[in-house]
Amino acid sequence: MKGNLILFMLVFLLSSSAHPTVPKDAYGFDFNVGFIGMTSSTEDKILDAMALVKRVFTSVEFKNKVLNHRYLGRKAFQASNGLTNTQIYHKILAGAERLYPIKNYKMDLEVELYTDHKSNTVGFTRTLSKRIWMNTKFFNRFTAAKVAGNLVHEWVHKLGFSHDVKNTRRRKYSVPYAIGEITRQLATRL
Ligand SMILES: [Zn+2]
């Protein structure tokens, strides 16, 4: 009996390591997104982007890319707020924004478009607001996958992660940039 139990546990351990699974949190991930002053076509583009984000967040590829992200030769992110890659992965899935710190497994956001042709800013957000602003100069020509990457970048700021304002060499390894880019890449492929 004891031998059977050990054998069962061994088989279980082997099978769980051979088939990395996505935690249940990922499958329940949802959106609570308000649209500010949009047309139905711009709303549709963001809804498409959200559907892609859901597919990315529930994928094993996303889990693996976040868990194995490297910075300075270690599995880490730049400006990680002292969190490991695994902690960052679960923080994303938990969806506990600084403004809404309850783990509700949701992206709580408002999205508003603005137009600034002279700016190279794709989008921005403010610490004390649940809103993110996206520049139509880029939004209008972006694919849904690129919008997904930008949406996730801005939302990751809401989880308390930041990055250098200037385009430094290390900036792409920050949580908003890296997670946004992983999302864009996987959204393009999935
Ligand atoms: Zn940013």
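So here's what we get for this one:
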read-out: Burial order of peptide ranges 35-42, 81-88 (average beta-carbon count within 10 Å, highest first); value: 81-88, 35-42
read-out: Solvent-accessible area, 1.4 Å probe, carbon plus sulfur percent, for region 75-176; value: 50
read-out: Quotient of Cα Rg and 2.2 N^0.38 Å for region 40-134, N being how many residues it contains; value: 1.25
read-out: Within region 91-122: backbone nitrogen closer than 16 Å to the residue 165 label point (7 Å, Cα to C-beta); value: 120-122
read-out: Aspartates and glutamates whose Cα lies under 17 Å from that of residue 130, excluding same-chain neighbours fewer than 8 positions away; value: 30, 97, 108, 110, 112, 154
read-out: Ordering of 97-103, 176-182, 120-126 by packing [mean C-beta count within 10 Å, highest first]; value: 176-182, 120-126, 97-103
read-out: Per-selection metrics, region 103-190 (Cα): Rg and Dmax in Å; value: 12.8, 39
read-out: Calculated on alpha-carbon atoms, Rg and Dmax of region 32-93 in Å; value: 15.5, 46
read-out: Whole-number Å³ per residue for the convex hull built on Cα positions in the chain; value: 143
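The values are calculated or read from the model by the stated rules, or taken from the named source; none is laboratory data. This structure is a prediction, so every number in the text was calculated from the model and none was measured. Quick reminder, even Gly has a Cβ in these numbers, built from the backbone with ideal geometry, and neighbours come from all protein chains shown. To get the accessible areas, we keep the full protein, side chains included, count just its heavy atoms, and leave off ligands, DNA and RNA. Shrake-Rupley method; radii C 1.70, N 1.55, O 1.52, S 1.80 Å.
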